[in-house]
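What follows is a single structure, written as structure tokens, with notes after it.
Taken together, the values in this text are just the output of simple stated rules run on the coordinates, not laboratory data. Quick caveat: nothing in here was measured; it's all calculated off a predicted structure. In this analysis, Cβ positions are derived from the backbone assuming ideal geometry, glycine residues included, and neighbour counts consider all displayed protein chains.
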Amino acid sequence: MIGTLTRRIQATCADELSLLRRQMYSLAWQEIREGGVEGAATAMARKPSCVTHGVSVDVVCFAQRATLEDAPLMISVAMHLHPGRRSDEVYWEEADAWAQAVAGHERFRVEARGGLETLDGRVFHYALTEKAPEARAVPLAWPS
């Protein structure tokens with residue numbers, strides 16, 4: 001279900017996701033190290049949920065100074081309930097699909113980093129990390 005929903009989000013919001021990715025990568029390449037800024041953020045305009053009527057979605061991307069524990073790129077997906085909408089009626093896993101849609105490329109891995117309840121919904125946090133290149137088997141020629 002997540003894969004199908006991710007593709008739906010990518011098809012529906014392709015131009016906005018592309019712009020958000022460019023902005024996010026641009027932030028990551030800025031001066032975010034000693035003597036520079038601690039971090040920076042960019043956001044996508046609020047969208048309606050693709051699955052649950054009466055829910056809005058905010059996507060915010062953060063670039064931060066990388067440490068051993070933290071990835072340099074983070075994605076937060078906030079799902080807001082409209083008045084009258086009940087929490088038990090929401091497909092919260094949609095946040096995973098939004099994070100995957102933002103990553104948008106097989107070179108990157110999205111890792112869930114937790115979340116929290118808010119007064120009107122939930123916020124989910126993800127780390128975006130580059131996948132290690134796959135090892136290739138290369139035959140070695142032994143000298144004769």
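Relative to the present Cα-Cα distance, how much length would full extension add between R113 and K47 at 0.36 nm per residue of separation?
Values: separation 66, 0.36 × 66 = 23.76 nm, distance 2.23 nm.
Gain on stretching R113 to K47: 21.5 nm.
Which length gain, in nm to one decimal place, applies between E38 and R86 when the Cα-Cα distance is subtracted from 0.36 nm times their residue separation?
Once the chain is fully extended between E38 and R86, it gains 13.5 nm.
What is the sum of charges around V77, taking Lys and Arg as +1, Asp and Glu as -1, for the other residues whose C-beta is under 12 Å from the C-beta of V77?
Here the count lands on 0.
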